[in-house]
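Data first, discussion second: the structure below is written as structure tokens.
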Amino acid sequence: MSPISLSPARALICIAALLTGCASNAIYRSNYQPCTVSPGNACERNSLHIYNPGANNEYTLGFVEIDDQGQVRDRRQMHALLDMLYSKAAQESVLMTVFVHGWHHNANPDPLDSNIERFRENLARLSDMETDRSKKLGRPARKIVGIYVGWRGESIDVPPFNYLTFWDRKNTAQDVGHLGIAELLIKLEEIANVRNALKPPIRSRLVVIGHSFGGAVVYSATSQILASRFIDSQQGKAYTGDAKGFGDLIVLLNPAFEALQYSPFYDLAQSRCSYFRGQLPRLAILTSEADDATGILFPLGRIFSTLFEEHDDLVRTDCKHMLKLDEGEADRSTVGHYEPLISHTLKPLKDGQSMLAATSETMENIWDLQTPGGSTRFDNMVLTHLNRTVPQNPYLNIRVDKEIINGHNDVFNEKVMQFIRLLIELSTVDVDDDRDNVVNGYDECPGTAEQSIVNDKGCAIDQLCSCDVNWKTPGDFISCTSLVSGGFLREGLIGKDERANILSAAVRSGCGIKSKKARHSN
């Protein structure tokens, strides 16, 4: 036969080879009962795993799997997770951490996907940190629950043909973000918000992490919600306050989506010229300078997709910050590799470089002190503001030094995980608006005056016995002050001399004496 007559046969052989290398399109975790993992039981087919029960690093890991069309593969799997969370969050505070994997990964237990293994290690460390911090703050530790969102990040698992799935998996990531995972994330946030409204307060938190195309999944699912909540925080609405996020924090690691998708969001955040000092980060994008997958391969893949599109050059000036946007370059580049939109750098701490470190105990105060072009130390890393955005802007687009993240998949190393864990602690910190050392939700007397002595419920004596109350007689006010101050004395909050001064002031205050006008009206 001639070579020409063989070409169809060769084509069929190649197609057959690719088909036999198709990644599984079936559910991996089909047993929806909780299972305690032990050396003799890996719980491979269970979707709910319990690790290290009773230990300082105890955590729970749940799986939710989504198909190529963005649909939850089996809603019973998702509902098993949600039912467990509703039950747990009704009794104690929960810190929920969602991880959405990227290209070439899935929820496979055999062999175990490397992302699952690294995610488990990080959950154990996070649980350790939470246990230590809760002891220092004198509150119960939040229970750590990880949610691993599995989708078909690989459609062909035969190298090098699996690299031809770029366009296919990119489109699938968008479907996953717009459909199944959006429902899951909204339900998880609902659990946190509903439980936070209960009395006594249970303060559950939600953090969402996405890697590579998983970052695109998360951004697709949450970007419109983030934009809507940002607008609600601006003047002209009901109030001007801190910009709210989705859950408590979103982290995107080497995300694989276009900078052009992020630019309207960047513009929106820049339109606000100042933020309150207590504004916490709500979105953190971390991209390694050594990530060739998003820095080189992604733009090459986008050249063909954008070949016949028209692009303009735009200039923005918001709050004295100028942005020159090349739409063509922004449409081909990922968000972490488009220079004009990068707001921070993260680099190793240099030898001899001295600055106060943002630890789990001090980070909130240090974060409040950000300045244009200033730096903040996180462990042995330095986060530097590039003076392109307003300080305290809650949306961070960070270029990461290759010594911290060395490539596209090096996102679970201890350096970057420590940075993310500190960000999580910062973003899920309990807020104390009146700074009386009793956090909101536990504070039964908000608005305490500065430097007031308060009890464990956040109440000062003048709040429990307020002169503004319609006392029948001055004696009633004095009796209240005597009773409450006696309690403060027994608890060691005040001394005898302080109590005597408080009672003397109560006698002189005139509280409970009706005005002449009030007496005549009676």
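The values are calculated or read from the model by the stated rules, or taken from the named source; none is laboratory data. These figures come from a predicted structure and were not determined experimentally. Ideal geometry is used to build each Cβ from the backbone, glycine not excepted, and the neighbour counts take in all protein chains shown.
So the values come out like this:
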quantity: Output for the range 98-114, where each listed residue is part of a strand (DSSP E or B) and more than 21 Å from the chain's Cα centre (by Cα); calculated: Pro109, Leu112
quantity: Selection from the range 295-319 of residues that are in contact (Cβ under 8 Å) with a residue 24 or more places away in the chain and not in a strand (DSSP E or B); calculated: Gly295, Leu297, Phe298, Pro299, Gly301, Arg302, Ile303, Ser305, Thr306, Cys319
quantity: Ala284 vs. criteria of a type in the set (Gly, Ala, Ser), farther than 22 Å from His311 by Cβ and not in a strand (DSSP E or B); calculated: no
quantity: Residue pairs meeting the criteria (Cβ under 9 Å; at least 6 apart or on separate chains; first under 30 Å from Asp410 (Cβ atoms) and in the same structural domain as Val218 (by TED's automatic domain parsing), in the range 255-278; second surrounded by fewer than 21 Cβ atoms within 10 Å (Cβ to Cβ) and among the basic types (Lys, Arg)); calculated: Ala256/Lys170; Phe257/Lys170; Glu258/Arg302; Ser263/Arg316; Tyr266/Arg316
quantity: Among the candidates Leu81, Leu95, Leu61, Leu19, residue that is assigned to a helix (DSSP H, G or I), hydrophobic (A, V, I, L, M, F, W, C) and at pLDDT 90 or above; calculated: Leu81
quantity: Qualifying residue in the range 296-312 (condition: of a type outside the set (A, V, I, L, M), under 23 Å from the mean Cα position of the chain (by Cα) and surrounded by fewer than 23 Cβ atoms within 10 Å (Cβ to Cβ)); calculated: no
quantity: Number of the condition not met by Arg499 [criteria: (1) under 28 Å from Asp242 (Cβ atoms); (2) at pLDDT 80 or above]; calculated: (1)
quantity: Condition check for Leu249: out of contact with any strand residue (DSSP E or B) (no Cβ under 6 Å at 6 or more places or on another chain), in the same structural domain as Val100 (by TED's automatic domain parsing) and on the phi < 0 side of the Ramachandran plot; calculated: no
quantity: Filter result (assigned to a loop (DSSP other than H, G, I, E, B) and either among the β-branched types (Val, Ile, Thr) or closer than 17 Å to Arg282 by Cα (or both)) within the range 370-397; calculated: Gln370, Thr371, Thr389, Val390, Pro391, Gln392, Asn393, Pro394
quantity: Selection count, the range 326-340, where residues are touching a residue at least 24 places away in the same chain (Cβ under 8 Å) and either within 17 Å of Leu386 (Cα to Cα) or aromatic (Phe, Trp, Tyr) (or both); calculated: 5
quantity: Test: residue in the range 29-36 that is aromatic (Phe, Trp, Tyr) and either exposed (fewer than 14 other Cβ atoms within 10 Å of the Cβ) or touching a residue at least 60 places away in the same chain (Cβ under 8 Å) (or both); calculated: no
quantity: Verdict on Val454 being under 44 Å from the mean Cα position of the chain (by Cα), surrounded by 19 or more Cβ atoms within 10 Å (Cβ to Cβ) and either of a type outside the set (Lys, Arg) or farther than 17 Å from Cys511 by Cα (or both); calculated: yes
quantity: Any hit, the range 64-73, residues being more than 22 Å from the chain's Cα centre (by Cα) and basic (Lys, Arg); calculated: yes
quantity: Unmet criterion (only one of (1) crowded, with 17+ Cβ neighbours inside 10 Å; (2) more than 23 Å from Gly70 (Cβ to Cβ); (3) at pLDDT 90 or above) for Gly146; calculated: (2)
